[in-house]
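The values are calculated or read from the model by the stated rules, or taken from the named source; none is laboratory data. Remember, predicted model here, so these are calculated numbers, not experimental data. Because the Cβ atoms are built from the backbone with ideal geometry, glycine has one as well, and the counts that use them run over all protein chains shown. We work out accessible area using only protein heavy atoms, side chains counted, and drop any ligands, DNA or RNA first. Shrake-Rupley method; radii C 1.70, N 1.55, O 1.52, S 1.80 Å.
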Amino acid sequence: MQRYATAVFFAAMAFGVLLCRGLPVVLWGLAALLTAGSGIFLYFSKGRKSLGTGSGVGLVLALAVFFAGGWRGGLYYSRMDAVQEALPWYQPVEYTARVSQVPSYGGKQVRYVQLDEFCAGSQGCLPREYAWTMAVPLSDTLEVGDRVEGRAVLLPLQGALWAGEPDFRSIQRHKGVVGQLRDAGYRVVGREVFSGSALRERVRGAVREALMRGGVSRSAAELTLAVLLGDKGAIDPQTKKAYQLSGAMHLLVVSGLHVGIVAGIVFALTFFLKRRRWLRTTVVLALLWGYGFLTGYSPPILRALWMFSVLLLSRLGKGRYFSLGALCLAGCVDLAIRPQDIYSAGFQMSYAATAAVILSYGPIARVSRGWTAGWRFTGRLLGVTLAAQLALLPFILYYFDYLNLLFPVANLLLVPLVSYGVIPIGGLLTVLSCAGVQVPWLAGAYNVLTDFCTGVASEISQRDFFAVSGVGLSLGGALLVGALCAGAFVWRRSRRWAVALALWGGVACCVEYLCARPVYPFVGEMDGEYVLAVDEERQVKLECGTVVKVGDRTIRAFPRRGACASEGEEILLVREFAEPGGPPAGIVLAGDAWWEDAFRWREYARRWNVPLYDMRERGYFRCGERWNVSEGMRK
């Protein structure tokens, strides 16, 4: 228990954050305090020296961590829910905000920027951790740190309008985005100079300009910013797609590989502090965390920074370093600070791949011990790549629904080139260019190298006949595949745990399948038209005036003014505002309703105490749901 205590605590905290909506925040906190106090009392009352020797102590402390995770996650999302309930949706407001994120590329006409530090007059100011999205023309030259003011309508995030579609509303909420602004005109009134995000963007812009002045091509400069500083938004969408489809996207994510290279360079530069270990460790950690600041503190970089911090401090104290323990400790700290990261694909994939490498590297190294140097390097690289890809298999199929079976070839070619070519040469050119030193022949060679890497990724990504796609893996299927992959990694260490993981995955898959199946019938939008899905095969198109009876309910689609045959018995599917002849049994507001009509329908529902279901906010409407009429909310 003691050796794997941090792993158990990490799993407990992760499950607590995932299940935080099940109980009120106060109950989570009280349960965490009671179980933590009980565990500490048992630990000291029996005089135990480790978690593995005390009967039930480890289990009680794991429960305390589980409840603490639920409390932390519930605290974060309860604050977000309170913020959303207090906002005047579908109403124009005068606002001021700060631009926090500006993508380099967007759609054909607009791109979506993020705003934080949002203040809306009498509504007050939102905490900085919550953001808004706003569509602006591609020609607008907004920059991170700009202060803007204007008039906009507050719109809820768009939910999934058909069963099986990605729920981008939940994805955005997990990133801290509370809604969307429909802009009615804004202007830049100032610029924030000393904020961290603005400073980071200025550094990235200065590095890009310096590299291009030094002879580096634009595409190579953008790739350098992604590989060295984590600015993936600067990459051309086609280049990013090529790396993603070839299975080499991890090379563009700043993680442990990059932190390790930076740490090696810093250690080499601080050789004169060899005898002053405390000072050297402090300098190295400060520079590493400063590098993390330039990359934006994404979940993969935070994981690597926490693990390197544990490594350096353990070496300073002459203690033993346990890689899996450091990984799980980093995960616990990350979830305690930012519980929303548990839903991030980067967080999940980073920890899964790192755990797979840690668990599989020992057997891979033992198998290749007697090989020659070249074959040993190739074998270990291929083995680690396969292990990491096996751990990422459920995430790749669930999030991207695409797996290129040529990923070992892509990684065998690109990992050495990026690790020993792009990163060191790009870093050297960055330093030289920022110092005003130009080396044309080195910049030319670097352009050739980056073009070759992008060409390899593009060629492999185009081999669709070696790809697996269209699987449509559900959440339950992803949990089952993930549990089987985890069982494969722990099989050599403990077969009982491997079997337990497989059984847990099967149970989770069955539960998710029973709970997440589309509850027919439901009303949704498909190909721009609203449809009543009776079952998996039968669908009824809902046009203006269509009346359908579903069980004990009657749904009238897009009625004209005064049309309501039976007062208090029909549910109206509405878009444009047209006051019914009498209060209906309920109102289902279409997801594409104009904001003025949505506001008027909300006011009508509030005035007549009619329950209203907003498809923009909640997604497709399940006809079997029952409403609480007094509150206008679904149960």
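Here are the numbers:
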| quantity | calculated |
| --- | --- |
| Coil-residue trypsin sites (Lys or Arg not before Pro) of segment 108-149, DSSP, other Cβ within 10 Å capped at 11 | Lys108 |
| Residues whose placed amide H lies under 5 Å from that of Gly179, excluding near-sequence neighbours | Thr133 |
| Per-residue HN-Hα couplings for segment 196-211 [Karplus 6.51, -1.76, 1.60; θ = phi - 60°; Hz; x = Gly/Pro] | x, 5, 5, 5, 4, 5, 5, 5, 5, x, 5, 5, 4, 5, 5, 5 |
| Gain upon complete extension [Val431, Arg369; 0.36 nm per residue less C-alpha separation] | 18.5 nm |
| Whole-percent carbon and sulfur share, accessible surface of segment 92-222, 1.4 Å | 52 |
| Ala206-Lys274 FRET efficiency (beta carbon distance; Förster radius 51 Å; 0.05 resolution) | 0.95 |
| The chain, helix-only ellipticity at 222 nm - DSSP H runs n ≥ 4, -39,500 (n - 2.57), divided by all residues, nearest 500 | -17000 deg cm²/dmol |
| Label-point separation, Val283 to Phe577 (7 Å along Cα→Cβ), nm | 6.8 |
| Pair Trp497, Glu536: separation of 7 Å Cα→Cβ label points (nm) | 3.8 |
| Cα-centre dipole for segment 57-159 with unit charges at Cβ (Lys and Arg positive, Asp and Glu negative), debye to 20 | 200 |
| Per-residue HN-Hα couplings for segment 426-432 [Karplus 6.51, -1.76, 1.60; θ = phi - 60°; Hz; x = Gly/Pro] | x, x, 5, 5, 4, 5, 5 |
| Cα-based Kirkwood hydrodynamic radius, the chain, one decimal, Å | 27.8 |
| Stretchable slack from Asp451 to Glu529, in nm (0.36 nm times residue separation minus alpha-carbon distance) | 23.6 nm |
| The chain, accessible area per residue, ligands and nucleic acids excluded (1.4 Å, Å²) | 50 |
| Cα gyration tensor shape for segment 251-394, rounded if a/c is under 1.5, else prolate or oblate | oblate |
| Gain on full stretching of the segment that runs from Phe466 to Leu324 - 0.36 nm per residue minus C-alpha separation | 47.7 nm |
